[in-house]
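The values are calculated or read from the model by the stated rules, or taken from the named source; none is laboratory data. Computed from a prediction, not measured in an experiment: that's the story for all the values here. For neighbour counting, all protein chains shown are included, and Cβ atoms are generated from backbone atoms with ideal geometry for every residue, glycine included. Ligands, DNA and RNA are excluded from the accessible area calculation, which covers all protein heavy atoms including side chains. Shrake-Rupley method; radii C 1.70, N 1.55, O 1.52, S 1.80 Å.
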Amino acid sequence: MSTLPVFRWRLAPDGYATRRQLRAAGLRPGGQGVAAQLERPRRRRPPLVAYLYRIEHARPVRPMTPAKWAALAKANAARRTCPHCRHDAGYVIPATLGMCVACAFPEPAESLRSA
Ligand SMILES: [Zn+2]
(Lines give C-alpha, C1' and ligand atoms only; values in the text may rest on other atoms or scores of the structure.)
Protein backbone atom coordinates (compact mmCIF):
# COMPACT_ATOMS: atom_id res chain seq x y z
CA MET A 1 0.00 0.00 0.00
CA SER A 2 2.62 2.48 -0.99
CA THR A 3 0.92 5.70 -1.93
CA LEU A 4 4.12 7.64 -1.29
CA PRO A 5 5.96 9.09 -4.23
CA VAL A 6 9.10 7.11 -4.81
CA PHE A 7 12.15 8.76 -6.29
CA ARG A 8 15.32 7.33 -7.60
CA TRP A 9 18.37 7.81 -5.45
CA ARG A 10 19.91 11.27 -5.92
CA LEU A 11 16.91 12.38 -7.95
CA ALA A 12 14.81 13.72 -5.12
CA PRO A 13 13.11 16.97 -6.08
CA ASP A 14 13.73 20.21 -4.26
CA GLY A 15 11.79 20.71 -1.07
CA TYR A 16 12.41 17.25 0.36
CA ALA A 17 15.04 16.22 2.84
CA THR A 18 15.87 13.22 4.94
CA ARG A 19 15.62 13.42 8.70
CA ARG A 20 19.38 13.65 8.87
CA GLN A 21 19.48 16.50 6.40
CA LEU A 22 16.78 18.33 8.33
CA ARG A 23 18.75 17.83 11.51
CA ALA A 24 21.88 19.26 9.91
CA ALA A 25 19.85 22.37 9.10
CA GLY A 26 18.55 22.65 12.67
CA LEU A 27 15.15 21.34 11.70
CA ARG A 28 13.01 18.36 12.59
CA PRO A 29 10.10 16.78 10.76
CA GLY A 30 7.73 18.47 13.19
CA GLY A 31 5.00 15.89 13.33
CA GLN A 32 4.56 15.47 9.63
CA GLY A 33 4.60 12.00 8.25
CA VAL A 34 6.97 10.67 5.66
CA ALA A 35 6.24 12.54 2.46
CA ALA A 36 8.20 10.48 -0.02
CA GLN A 37 10.85 7.88 -0.19
CA LEU A 38 14.03 7.33 -2.06
CA GLU A 39 14.93 3.92 -3.29
CA ARG A 40 18.39 2.84 -4.20
CA PRO A 41 18.41 -0.44 -6.06
CA ARG A 42 20.81 -3.08 -4.84
CA ARG A 43 21.74 -6.28 -6.51
CA ARG A 44 19.88 -9.31 -5.16
CA ARG A 45 18.76 -7.44 -2.09
CA PRO A 46 15.82 -5.22 -1.32
CA PRO A 47 16.45 -1.60 -2.27
CA LEU A 48 17.87 0.80 0.25
CA VAL A 49 15.10 3.14 1.29
CA ALA A 50 15.45 6.64 2.65
CA TYR A 51 12.45 8.52 3.94
CA LEU A 52 11.94 12.10 2.91
CA TYR A 53 10.13 14.93 4.63
CA ARG A 54 8.77 18.15 3.24
CA ILE A 55 11.09 20.99 4.19
CA GLU A 56 8.21 23.47 4.21
CA HIS A 57 6.51 21.48 6.98
CA ALA A 58 9.67 21.12 9.07
CA ARG A 59 10.00 22.90 12.37
CA PRO A 60 13.03 24.27 14.16
CA VAL A 61 14.59 21.88 16.62
CA ARG A 62 12.77 22.19 19.90
CA PRO A 63 14.37 25.04 21.85
CA MET A 64 16.00 24.37 25.17
CA THR A 65 13.72 25.02 28.15
CA PRO A 66 15.06 26.53 31.39
CA ALA A 67 14.67 23.12 33.03
CA LYS A 68 16.76 21.54 30.32
CA TRP A 69 19.46 24.18 30.67
CA ALA A 70 19.48 23.65 34.43
CA ALA A 71 19.81 19.91 34.02
CA LEU A 72 22.63 20.39 31.55
CA ALA A 73 24.46 22.81 33.85
CA LYS A 74 24.07 20.39 36.73
CA ALA A 75 25.44 17.54 34.68
CA ASN A 76 28.38 19.63 33.56
CA ALA A 77 29.06 20.75 37.13
CA ALA A 78 29.05 17.13 38.24
CA ARG A 79 31.55 16.28 35.54
CA ARG A 80 33.82 19.12 36.71
CA THR A 81 33.66 18.17 40.37
CA CYS A 82 36.58 16.14 41.59
CA PRO A 83 35.33 13.07 43.48
CA HIS A 84 38.47 13.17 45.62
CA CYS A 85 38.58 16.74 46.92
CA ARG A 86 34.99 17.68 46.01
CA HIS A 87 36.07 20.93 44.40
CA ASP A 88 34.90 22.25 41.07
CA ALA A 89 38.06 21.82 39.07
CA GLY A 90 36.92 24.27 36.42
CA TYR A 91 37.31 21.63 33.73
CA VAL A 92 35.80 18.25 33.09
CA ILE A 93 37.55 15.66 35.22
CA PRO A 94 39.57 13.47 32.85
CA ALA A 95 38.20 9.95 32.91
CA THR A 96 41.73 8.60 32.73
CA LEU A 97 42.60 10.31 36.01
CA GLY A 98 39.26 10.00 37.77
CA MET A 99 40.13 13.07 39.82
CA CYS A 100 41.37 16.58 39.32
CA VAL A 101 44.95 17.13 38.22
CA ALA A 102 45.90 18.57 41.61
CA CYS A 103 44.72 15.40 43.34
CA ALA A 104 46.22 13.09 40.75
CA PHE A 105 49.62 14.78 40.92
CA PRO A 106 49.75 16.35 44.39
CA GLU A 107 53.45 16.89 44.93
CA PRO A 108 55.42 18.39 42.07
CA ALA A 109 54.53 22.04 42.61
CA GLU A 110 57.90 22.94 41.19
CA SER A 111 57.20 21.50 37.80
CA LEU A 112 53.72 23.00 37.73
CA ARG A 113 55.10 26.47 38.46
CA SER A 114 57.52 26.35 35.59
CA ALA A 115 54.91 25.04 33.19
ZN1 LIG B 1 40.70 16.95 43.43
Filtering segment 72-86 down to residues that are away from the ligand (no atom under 16 Å from the Cβ) and free of Cβ contacts under 8 Å to residues at least 12 places away in the same chain yields Leu72, Ala73, Lys74, Ala75
Looking across segment 95-106 at residues that are open to solvent by less than 40 Å² (accessible area, probe 1.4 Å) and assigned to a loop (DSSP other than H, G, I, E, B), the single one that is farthest from the ligand (Cβ to nearest atom) is Gly98
Margin query: For segment 40-63, check the following and say yes or no: at least one residue is more than 26 Å from the chain's Cα centre (by Cα) and among the β-branched types (Val, Ile, Thr).
Written below: no
Residue hits (segment 8-28; in a loop (DSSP other than H, G, I, E, B) and among the small types (Gly, Ala, Ser)) are Ala12, Gly15, Ala25, Gly26
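So, of the residues in segment 46-59 that are open to solvent by 70 Å² or more (accessible area, probe 1.4 Å) and of a type outside the set (Asp, Glu), which turns out to be farthest from Arg8 (Cα to Cα)?
At the first step, the residues of segment 46-59 found to be open to solvent by 70 Å² or more (accessible area, probe 1.4 Å) are 46, 51, 54-57, 59.
So of that shortlist, the ones also of a type outside the set (Asp, Glu) come out as 46, 51, 54-55, 57, 59.
Details: Pro46: 14, Tyr51: 12, Arg54: 17, Ile55: 19, His57: 22, Arg59: 26 Å.
Selected residue: Arg59.
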Practice problem: Could you tell me whether segment 60-67 includes any residue that is more than 30 Å from Cys103 (Cβ to Cβ), of a type outside the set (Lys, Arg), open to solvent by 90 Å² or more (accessible area, probe 1.4 Å) and modelled with pLDDT under 90? | Solution: yes
With the first residue restricted to segment 31-46 and required to be closer than 17 Å to Gln21 by Cα, and the second required to be hydroxyl-bearing (Ser, Thr, Tyr), Cβ contacts under 7 Å at 6 or more apart or on different chains are Gln32/Tyr53; Val34/Tyr51; Val34/Tyr53; Ala35/Tyr16; Ala35/Tyr53; Ala36/Tyr16; Gln37/Tyr51
